[in-house]
1. If you scan the stretch B:264-285, which residues turn out to be surrounded by fewer than 15 Cβ atoms within 10 Å (Cβ to Cβ) and modelled with pLDDT of 75 or more?
2. Just wondering, is there one or more residues in the stretch A:238-256 that are buried (at least 21 other Cβ atoms within 10 Å of the Cβ) and modelled with pLDDT under 90?
3. Which of the following residues is over 24 Å from the mean Cα position of the chain (by Cα), in a helix (DSSP H, G or I), at pLDDT 85 or above and closer than 30 Å to residue B:147 by Cβ: B:227, B:261?
4. For the subset of the stretch B:27-45 comprising residues that are over 30 Å from residue B:233 (Cα atoms) and touching a helix residue (DSSP H, G or I) at 6+ places or on another chain (Cβ under 7 Å), which member is nearest to the other protein chains (Cβ to nearest Cβ)?
5. Given the conditions (1) at pLDDT 85 or above; (2) crowded, with 17+ Cβ neighbours inside 10 Å; (3) touching a strand residue (DSSP E or B) at 6+ places or on another chain (Cβ under 6 Å), report the number of the one that residue A:82 does not fulfil.
6. Would you call residue A:259 under 30 Å from residue A:422 (Cα atoms), more than 14 Å from chain B (Cβ to nearest Cβ), out of contact with any helix residue (DSSP H, G or I) (no Cβ under 6 Å at 6 or more places or on another chain) and loosely packed, with under 15 Cβ neighbours inside 10 Å?
7. Determine which single condition residue A:330 fails, assuming it passes every other condition in (1) within 14 Å of chain B (Cβ to nearest Cβ); (2) surrounded by 18 or more Cβ atoms within 10 Å (Cβ to Cβ); (3) touching a helix residue (DSSP H, G or I) at 6+ places or on another chain (Cβ under 8 Å).
8. Of all residues in the stretch A:336-394, count the ones that are buried (at least 19 other Cβ atoms within 10 Å of the Cβ), more than 14 Å from chain B (Cβ to nearest Cβ), touching a helix residue (DSSP H, G or I) at 6+ places or on another chain (Cβ under 9 Å) and part of a loop (DSSP other than H, G, I, E, B).
């Protein structure tokens, strides 16, 4: 059967349309010297340690039924930017795990099955997995699937610097183009040779200038263009100094404490030591938010919210009673606004789990809440959106989509998951059914025997 | 030492003060203690009332599965301020009204102090007071049911049937009283001549036929009116949900753990199941339907036939007790359903005679202990996270069920 969609692996392996951009930002304490450079290769004297982002882009079609598709994966548990300050300009601080956002076009809305088929063709090829139609939830402007289980990435482009060592991935496919970004906040870059594939490649090696500030990052370094013109044997090298305004920023204060207090069937997500609002020059009003992605094993009851919390968005299953195994949707996405930076307890409720013949508890993992201040940028806000480091798109990007383009975010919590023990029914169905049935029959017998006794007594009296 | 004699008015005053005290303590607990006093259902009713106030359907509130009349009657809750407690005050008033109606329907032959004592079982009962002051709506229903009984005792069968229809509209279970009232009325009129020799059909007479007709008109009228307002979602949430629900969450019911397994059955891997498991599959999968069989057979057929004509109020008490015992979902609030008739039952039963007082105390103790046993395991599950489904909840729900069956036996024999 003819499928109108062009398979992504065909595109990924294509050598005619792909453009590559590798950006390395290293510590300003390190000296970088180049050992050898040609029109299609670059070799450093010694390995350069720093944050590396690889961006691949090519023209493509997203199929007949998809308007946009975005896959984001975060494998890092901590805020890397706090650990490695050279990675500050990059924007990969979304929630841990796999995130897939899909938006159908008008044909996809009409032919939903074909839309899901199209999405799964891409996911199968990129991640070796498929998402069942019922597993999605309706998010802000797209369908959203999330899992803390991270699939292995297949069909990576050749000549990758970070290869399988990436901690974050961002794949965006629109109606006419595809971009894939891989990121590692702390890796070693030794050489880059694209002589055998003849693809356009741009390599930027930068350092963050010491006089940078949190809201104004100045980068200096070189850009090297490889394979720009096949006829020329010299690479194009440009010394570059530029400044950028990061959308995602990090406070020097320690991250907020996020813990789970088991409390039986009602685990409490406890958030404490929340840092105070930042005071950068380019921002005005700041508000405190918590973004939660809760898998279906637990839920947040919107009718039991603490007084200083407002629910701004709740997407996903809203059922307050069904067991986890009866729900197809992966869970719930929540955006909460907090009135103040005081400690907060969010009571969650666990759903019943499948009975188990040998275990009395199951351990589920829930994502830590993403805690952040969102602030309005009041000066040069256009620089934020125009930055090559900004990853804000029409769909996806964790909580980014809920905010306008002139918003900047100050992250206050580490990423990761927390284990939650949920008691479950242990034992054999046969034993339970037999015991229940036997008790029922015995109970009926007790009641009927009393009716019989009463009739007997009445009969004796009348006689 | 003699118990000081108190009048009906004094008892009512004491009951009112107790309710006011519990109400204000509830406000304090909600404000300052980690566990809230107010029932979660009260928040559901209040939210539903807010939706109605905004011109929307009360069913926009998840888990609102009641008649829209309840949300309508709580409209002042949506005004905010102290009015958010309007519903609780309404429930407390209904609770007191129920007490007054119990007093008025207790047999006049019972001596005054015993009537006061029996009435105190309702009016001073901490379970009853807690349930209405926490914001559970059961007292509205108990008030309607007692109005049914009140008018029935005054031989105003039309008004009685109207209230019965409204009661069934509020909650389905009072439907089990129809056979009892009809069978009781069969002794108060002549059968139709053309069926007077036909067994069963000769129970039908003009009086009980009229009672049935008015009940159906009252019920049908309410349902039709609500359907006109809210359409299918009214039927779905108020009726169909209750008939088909598989309540897997732990509760006192004998069926509870079995229903948990039944709800998970389609999701369990078949290689984990034994042949016997598979044999039980058919029953377990349809347990929510099978459970109605013994429940209705005992509470709506056997007990009315045994007791309705000889002692109607004892019959209503035992019917309700049996209905709750065999129900597939049981929570503490359901106990209120039969507690309204307990004063009547005890007023005429020999169980309160000196001869049987030890037996009565033992019955009460058995009921409390078997319930406490279940509550202990429920607490361990709910708040300590221990898996007590099989070793605790299953066994204690069987114990509670068999205790209730034993009590039923005693109630029937001593009625």
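1. If the condition is that a residue be surrounded by fewer than 15 Cβ atoms within 10 Å (Cβ to Cβ) and modelled with pLDDT of 75 or more, then B:266, B:267 are the ones that fit.
2. yes
3. Every option except B:227 fails the conditions.
4. Once the filter is applied, the top-ranked residue is B:36.
5. The single condition residue A:82 does not satisfy is (1).
6. When the stated conditions are applied, residue A:259 passes them.
7. Against the list (1) within 14 Å of chain B (Cβ to nearest Cβ); (2) surrounded by 18 or more Cβ atoms within 10 Å (Cβ to Cβ); (3) touching a helix residue (DSSP H, G or I) at 6+ places or on another chain (Cβ under 8 Å), residue A:330 comes up short only on (1).
8. 2
The values are calculated or read from the model by the stated rules, or taken from the named source; none is laboratory data. This one's a predicted model, so the numbers in the text were calculated from it and none came from an experiment. Because the Cβ atoms are built from the backbone with ideal geometry, glycine has one as well, and the counts that use them run over all protein chains shown.
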